[in-house]
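The values are calculated or read from the model by the stated rules, or taken from the named source; none is laboratory data. Here the structure is a predicted model, which means the values were calculated and not measured. Please note: Cβ atoms are built from the backbone with ideal geometry, for glycine as well, and neighbour counts cover all protein chains shown. For accessibility, only protein heavy atoms count, side chains too; no ligands or nucleic acids. Shrake-Rupley method; radii C 1.70, N 1.55, O 1.52, S 1.80 Å.
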Amino acid sequence: MHKDVFADIPAYRRTRIAVAGLSVVLGLVAGGCADSDATATAGGSTSPRSSSSADPWAVTDLAGYTGGKSGAADTSLSPVKIGWVNQQGGSLEYPSATLGAQAAVKYINEKLGGVDGHPLELSTCYVVDSEQEGNSCGLKMANDDDIKAVLVGTLINGGQSMRAVIQGSKPILMSNSISTPDAKGKNVFIFNGNPDSIFGGLATYLDDEVKAKSVAVFYPQDAQSIDGVDVLRKDLKKLGIKLKAVGFDPATTNLTAAAVAAGVQTADAVVPLVSSPPNCVAAAKALESLAVKAPIVSTGSFCFSNAVAQGLGGEAPKWLQLSTQTNVADTTLTDVRAYLKQSESASLKTDARTDSDATLAWSLVMTATKFLNAAGGADATTKTVAKAATSFSGPMLLGSETVKCGAYTDQPGLCGAQSRVFEHTGGNTFSAATDWITPSGL
């Protein structure tokens with residue numbers, strides 16, 4: 001998924017080839033060598049508008065947000081249990097999501113009075129590699145009557161089989177979704193975005209802020225790319241923006257030819273749709289060698305990692321970044337400063353605090369606690385929690401102001417769909433380049 005965007009990503013994520021967390025979720029499948037709606041036309045670039053990075057509605061008071069009370073939970077009382085499903089333990093894993101969730105539970109129980117005075121308890125289940133492992137997690141969640149809601153961390157495999165087993169019997173709360181069908185599922189609530197909203201937000205940004213008439217995209221020909229290009233193409237076409245997209249062999253180490261073929265030298269905006277460190281490094285080198293002046297927009301945090309910075313001689317590319325959540329590298333934001341302090345007090349280590357998976361998990365557990373308190377605390381039921389989730393109107397902790405479940409009739413579970421663009425200004429520094437963007441095409 002969504003998930004949601006940070007410059008300092010731990011080394012164990014360097015091999016990731018799928019989209020997750022921050023940020024951003026791409027939901028992609030295999031495609032051909034090149035596909036183009038039209039040849040890119042010549043045109044100058046327009047710099048993204050400068051925006052105040054301060055959100056007047058930003059959440060800093062967690063007691064007020066969750067409905068909790070100052071102080072510790074009463075450990076003599078029975079715990080209130082929520083489920084937690086995350087992918088970890090295999091070749092592709094996201095353990096920082098669980099660390100963020102556990103830190104949130106610790107903070108809630110030590111600082112916010114738990115849930116109506118009762119300790120909050122996390123019942124975990126992990127998908128290691130295969131889709132079928134989601135069945136086991138689904139059974140565990142469905143068969144435990146004490147679990148009030150099921151929270152999904154960063155999950156590439158197992159989501160569909162888990163949801164098929166739960167069958168809407170309990171609310172499933174997600175930050176980002178990597179699969180559009182999730183938003184059509186019964187009792188599913190997605191608060192940060194999915195592929196349609198992410199690429200819709202990118203299209204809106206390119207139209208409203210960049211004023212682009214032509215966009216160049218180059219992408220690896222693998223199981224993660226063509227669907228994202230298709231979604232973006234449809235949204236850009238509705239806005240009258242020409243797209244030229246060119247695929248390349250993921251093993252290619254020199255992407256200059258692909259970039260030239262996509263028309264990066266004449267397009268009004270460039271989107272290198274890459275996520276692995278080698279592809280990010282190759283894309284950055286190609287665009288630098290071609291002296292591209294148009295805005296370069298990356299979807300997600302992948303190309304701003306330490307691995308990419310090292311591959312480029314110490315500095316990640318100074319591109320723009322589309323995100324579904326607040327970028328905690330922008331410490332001018334009041335909610336970022338509050339989060340960093342609060343999560344540190346909950347013993348969340350530095351590398352996890354600035355990891356998109358952990359940040360999304362922290363926000364999701366806090367939001368679930370908000371629903372539990374509103375739904376009756378220890379007496380909450382799966383139905384009252386779902387009702388609280390349905391009526392949530394934002395703002396989202398470390399996210400956008402606007403939340404509305406059912407706003408998109410064909411995707412009723414997509415509650416939060418806005419995204420935001422941040423500018424990487426060097427080192428570990430980002431600054432907000434836009435306000436929150438409502439996606440086109442939904």
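With charges only on Cβ, +1 for K and R and -1 for D and E, what is the dipole size of the chain about its Cα centre, in debye, rounded to 20?
For the chain, the charge dipole is close to 400 debye.
Residue by residue through region 313-318, what is 3J(HN,Hα) from phi via Karplus (6.51 cos²θ - 1.76 cosθ + 1.60, θ = phi - 60°)? Round to whole Hz and write x for glycine and proline.
Listing the rounded values in order: x, x, 9, 5, x, 8 Hz.
Among 305, 406, 68, whose Cα projects farthest towards the positive end of the dipole of the chain, with charges put on the beta-carbon of Lys, Arg (+1) and Asp, Glu (-1)?
406
Just how large is the dipole of region 224-351 about the Cα centre, in debye to the nearest 20, putting +1 at every Lys and Arg Cβ and -1 at every Asp and Glu Cβ?
For region 224-351, the charge dipole is close to 340 debye.
So if I take the alpha carbon set of region 382-442, get Rg, then get Rh from the Kirkwood formula, what is the Rg over Rh ratio?
Ratio value, two decimals: 1.11.
Report, in debye and to the nearest 20, how large the dipole of region 182-266 comes out about its Cα centre when Lys and Arg carry +1 and Asp and Glu carry -1 on their Cβ.
Charge dipole of region 182-266: 340 debye, to the nearest 20.
Please give the peptides 416-426, 372-382 ranked by average Cβ packing (other Cβ atoms within 10 Å per residue), highest first, as a rough proxy for protection.
Ranking the peptides 416-426, 372-382 by packing returns 416-426, 372-382.
Taking the mean number of other Cβ atoms within 10 Å as a proxy for protection, how do you rank 351-358, 56-63, 330-337 from highest to lowest?
Order by mean packing, descending: 351-358, 330-337, 56-63.
Of 162, 377, 415, whose Cα points farthest to the positive end of the dipole of the chain (charges on the beta-carbon: +1 Lys, Arg; -1 Asp, Glu; origin at the Cα centre)?
Result: 415, furthest along the dipole toward the positive end.
When the Cα atoms of the chain are enclosed in a convex hull and the volume is divided per residue, what value in Å³ results?
It is 115 Å³ per residue.
Quick one: accessible area per residue over region 325-366, 1.4 Å probe, rounded to a whole number of Å²?
Value returned for region 325-366: 30 Å² of accessible area per residue.
Enter the accessible area per residue of region 184-247 (Å², integer; probe 1.4 Å; all protein chains in place).
On a per-residue basis, region 184-247 sits at 31 Å².
Compute the accessible area per residue over region 113-170, keeping the other protein chains in place, probe 1.4 Å, unit Å².
Ligands and nucleic acids excluded, the figure is 38 Å² per residue.
Can I get the semi-axes of region 210-284's equivalent ellipsoid? Compute them from the C-alpha gyration tensor as square roots of 5 times the eigenvalues, in angstrom, largest first.
Semi-axis lengths for region 210-284 are 21, 14, 9 Å.
Place +1 on the Cβ of every Lys and Arg and -1 on the Cβ of every Asp and Glu in region 173-319, take the dipole about the Cα centre, and give the residue among 176, 316, 229 whose Cα lies farthest towards its positive end.
In region 173-319, that residue is 229.
Compactness ratio of region 233-355: Cα Rg over 2.2 N^0.38 Å, N = residue count?
1.24
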